[in-house]
Amino acid sequence: MIPQGPLPAATGGLQTKVGIKRPAQKAQGLVFHGLRHWFVSQLRGTLPDHVVQALAGHKRPEVTEDYSHVVNFEAARKRIEEIAMPN
């Protein structure tokens, strides 16, 4: 499960130090919690859903589904492979 203590505070603090104020961080989705959504979105379609659910610390599969922002996993996987391993 993603920590809820010093690390989230540090990420927000760093953004503030470089001039991104808290309201702007939230408006742009630059909050630590967004990393959980990114994490789940990256893993969905590459690992079984129950594994992603366990890694994310979700008790219900519906929560994992809500965290995922990738609709077409196969298309996303192909695109990632194209970027990672260009011909």
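The values are calculated or read from the model by the stated rules, or taken from the named source; none is laboratory data. Computed from a predicted model, the values in this text were never measured in an experiment. Neighbour counts are summed over all protein chains in view; Cβ atoms, including those assigned to glycine, are modelled from backbone coordinates with ideal geometry.
Determine whether LYS78 is modelled with pLDDT of 80 or more and not in a helix (DSSP H, G or I).
no
Restricting to region 47-75, give me the number of residues that are in a loop (DSSP other than H, G, I, E, B) and touching a helix residue (DSSP H, G or I) at 6+ places or on another chain (Cβ under 7 Å).
4
Among the residues that make up region 48-64, is at least one of them under 14 Å from the mean Cα position of the chain (by Cα) and modelled with pLDDT under 85?
No, the conditions are met nowhere in region 48-64.
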